Amino acid sequence: MSGPGDPPEGTPEGAPGGGDDDYRSVVFDESFVRAARIQEYSAQERLDGGGAARAVRVRHAMPHVLARQAMALVLLLVLAFGFAVYMGVRHPYRSDPVVPTARLLTTVIPLVPTGPVPAVSAASPFAGSSAAHYRIGVDGIDPDGSRRIGDFSEQEVDEAYATAKEYLTDSSLDTRTVLAGDVGAVRNLLSPGQLDQFDASLTRPADDGMHEATGWLVRFDPAARVRLVTDEIRVQGTLQAAETRDNQLEVTADHTFVYALRGPAPAGAASLFTVRRQLTFRFDHEDLREHHIQVARADIAAGPLACVAPLEGFRPIFAGHTASGPAPSGNPYDHDHPVGAVCTPMGGANGANSGAAGPGDLTGTGGTAGRTGPAGPTGSGRPPAPPTPATPAVPATRGLLTPADARPSSSNPTL
């Protein structure tokens, strides 16, 4: 007898019998069949993917791409961290010690003529003077040969010389600075730590040894209405470099600048004006990389001038005129002003009056340079007049007026 789930005809031949049939428990009744939903997708729906699910599953490669990117990112971070550690241990630049920026110390000495300032030929103003053989302009600013100095490479010494030469050119030869008062080029070269002192020296000059505008640059007072007879400015001097104890590169400049000029009068005669500048520059490695300069010391002697501190700018005494004002004096009890000569008489050239002094007369190397008394008649055989007393100068000033290689004149025992 057949079971309740077997077909009426019995089990077909060859089919597994009874409970061995895997599908015996699956019974589709009439309600299940009628409730079944039959839907056939159109051709367009099948193309759009709305048909039956694909029998083959596509394995997307996105997870593998993300994994590779994550590995690359991790590797990059590891390399960056390793490079940072390496740079921290072995920095390509030497670490500079913290050295405060120098403050400029200035000594400005007016050279006072002892008689009328002589005129010179406007056509050849330097003829017959010590400046006749001087070079013209930047050609007279010639540094020593470059070499490695201490911890500074030859390339850094070259850069220091070039920056010092640029500073001297902009502050002594550029007519925009000398006559028009344009100080932009000079200011741009200064170390940032000196900008406040420089600005104060130009806006609020003071006779305190630190805030004289003429210590930073050669500048004629606009009120004097100075005119240059020729664009040629004669220059002679040296540039030398050495390393300081605090591991800075020090460049010493000693130059004499000679200007041929005349006053505001249209028919005024030409005369010479001489400025000797002994400047000390300092550089650290940062200054050299940034093309900056520190001006540490300035010893200036200029004339012919009146015995008045030239704070804002030089006011030359022109041809045919004499100095006016008090005689040179000093007060050892006055601590408001630096020690040193307020002014000093200007030596005469070729035995004439002092107004014709040339650069050689400032250095004490030519003629009767450095004479402090009035000149007597040439060839008269009379001894020169006693020197005019002057306040003794500080060592830096003494070196400015009489360098070591100069021999004191017998007519001037004070130099």
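Readers should treat all values here as calculations from the given coordinates under stated rules, not as data from a laboratory. Predicted, not measured: the structure shown is a model, and the values here were computed from it. Neighbour counts run over all protein chains shown; Cβ positions are idealised from the backbone, glycine included.
Radius of gyration (Cα atoms) of segment 94-253, expressed as a multiple of 2.2 N^0.38 Å: 1.19. Put in order of Cβ neighbour count within 10 Å, fewest first, the listed residues Y259, Y41, Y86 become Y86, Y41, Y259. For segment 245-289, the Cα gyration tensor yields ellipsoid semi-axes of 39, 11, 6 Å (square root of five times each eigenvalue, largest first, whole Å). As a rough footprinting exposure proxy, the listed residues L76, L105 were ranked by other beta carbons within 10 Å of their own, and the order from fewest upward is L76, L105. Counting neighbouring beta carbons within 10 Å and listing from fewest to most, the residues R34, R187 come out as R34, R187. Rounded to the nearest 0.05, the FRET efficiency derived from the C-beta distance between M210 and L79 at R0 = 60 Å is 0.70.
All Cα-Cα separations within segment 169-218 were binned at 10 Å from zero, giving a P(r) of 27, 58, 15, each value a whole percent of the pairs. Per-residue extension of 0.36 nm, minus the Cα-Cα distance of S42 and L195, leaves a gain of 46.5 nm for this segment. The H291 and M87 beta-carbon pair, evaluated with R₀ = 35 Å, returns a calculated FRET efficiency of approximately 0.90. Relative to the 2.2 N^0.38 Å rule of thumb, segment 206-315 has a C-alpha radius of gyration ratio of 1.26. Computed extension length for T238-H335: 31.5 nm, one decimal, from 0.36 nm per residue of separation with the Cα-Cα distance subtracted. Here each label is just a point 7 Å from Cα along the line to Cβ, and for A224 and N247 those points are 4.4 nm apart. Our compactness index for segment 116-191, the C-alpha radius of gyration over the empirical 2.2 N^0.38 Å, is 1.48.
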